[in-house]
Structures are given as C-alpha cells and as structure tokens.
Amino acid sequence: MQTPVELVFDDVDSAPAVEQRVRKRVRRLERFYAGITSCHVALSTPHRHQRKGRHWSVRIELRVPGTELVASREPGDVEAHEDLLVAIRDAFDAMERELQAWHAKVRGDVKIHVPPPQGRIRELDRQRGFGQIAMTDGRLVYFHRNSVVQPDFDALQPGDPVEVVVQAKESDLGPQASTVRRIGALEFVPEPQA
C-alpha cells in the first residue's frame, strides 16, 4: 500500500486489539489485490439504545487505481454489531467481496452464458408424434411430441426456429432432444442438407 492505513475512532477510545484486527484485515485485502493505494477505516457508535448495548458502525474506504471502493456496515437491527470485532469482520468481508468484484471486472473476467443449441424443424410426423430438427451445428436431432414445451407439438411447423436441450445419452435413432421450445429467430441459419 502506498500510504499507511488511516484508522479513525469517532467518539470512541482507541484500543490496541482493535487496531491490530483492522491492520490484519487490511493486509488480507492486499492478498486479493496488491495495488491498493490507500485505506481509510472509520469506527463509530451512531446509535445508542436504551435497552440495548452500543451498536458499532464501520466504514471502509479503499482506493485502487481509477476508483474508490466503499463498504459500510451500519448497525441497524443487527444485534451482533454490539461487538465491535464482529462489526469489523462484517465490514471487511463486504469489502473483500467489493474488491474481488472490482478486480474481476478490471481483469475482464466475464461470465459467459452459453445459450441452448438452436435449430429449425426439418420434419414432422404428426400421426406418429415425432420430428427432426436441423441443428445449427449440422446435426439432425430426433424429438418426440412429449419433449415440446412451448408451444404444443401440433402448433409446430417445418422451418420453425427452436431451442433444444439434447440428451447426453444418444438413443438408437441418434441424438434426441429432451426439450424443444420455439423461439423468434436463429442467430445462425444452417445450410440445407442434401
């Protein structure tokens, strides 16, 4: 860290055990990201209840290149925040999550949601209740009327675009769909097979 940790006790006497705990948690934050430039921690007791003990508020301001991350744990109705060390733990846990999310965003880690495979209805046998789908990856997938979830089997037409969940285990007929759902349009139109 470029600057030392700033620890502020607002309307509270400082305690060596508390300072030690805060510094230990700041070092732990540096394991998640070594480029932290500064850290400011403020401890206060904004609420004093008649029947309940003192509730602690902990605010952490962490500066990293290009932004400032803030985690604040206000006491609210959390009885556990009568213990200052618990309030510090909760605030630093929240800051760890903030820092990890920021660092993942900066690194470009993005969750990729793979859509279900798509295809078009190639053949329908309404009397026997099955059909085939020409998938965008070139496969032909068999499906039964019971695998159609939206709309019903009788509403499907040859050429309709569909999303398909293909069973992991192939049947005697080859790949088989466990779920077929009509969609609006395909992202990729397969070439007609000869």
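Annotations for the structure displayed:
- When residues in the stretch 127-146 are screened for being farther than 15 Å from P117 by Cα and either among the small types (G, A, S) or touching a residue at least 60 places away in the same chain (Cβ under 8 Å) (or both), 2 of them pass.
- Any hit, the stretch 21-33, residues being farther than 19 Å from E82 by Cα, outside any helix (DSSP H, G or I) and assigned by TED's automatic domain parsing to the domain that holds W102: yes
- Restricting attention to the stretch 147-180 and to residues that are among the acidic types (D, E) and surrounded by 15 or more Cβ atoms within 10 Å (Cβ to Cβ), the residue that is farthest from V114 (Cα to Cα) turns out to be D160.
- Close Cβ contacts (under 7 Å, 6 or more residues apart or on different chains) running from residues in the stretch 87-99 that are under 20 Å from S44 (Cβ atoms) and in the same structural domain as V18 (by TED's automatic domain parsing) to residues that are part of a helix (DSSP H, G or I) and β-branched (V, I, T) comprise I88/V22.
- Enumerated strands (runs of 3 or more DSSP E) restricted to the stretch 100-147, each holding at least 1 residues that are touching a Pro at 6+ places or on another chain (Cβ under 9 Å) and of a type in the set (S, T, Y): 140-144
The values are calculated or read from the model by the stated rules, or taken from the named source; none is laboratory data. Source: prediction; values computed, not measured. A quick note on method: Cβ atoms are made from the backbone with ideal geometry, for glycine too, and the neighbour counts reach across all protein chains shown.
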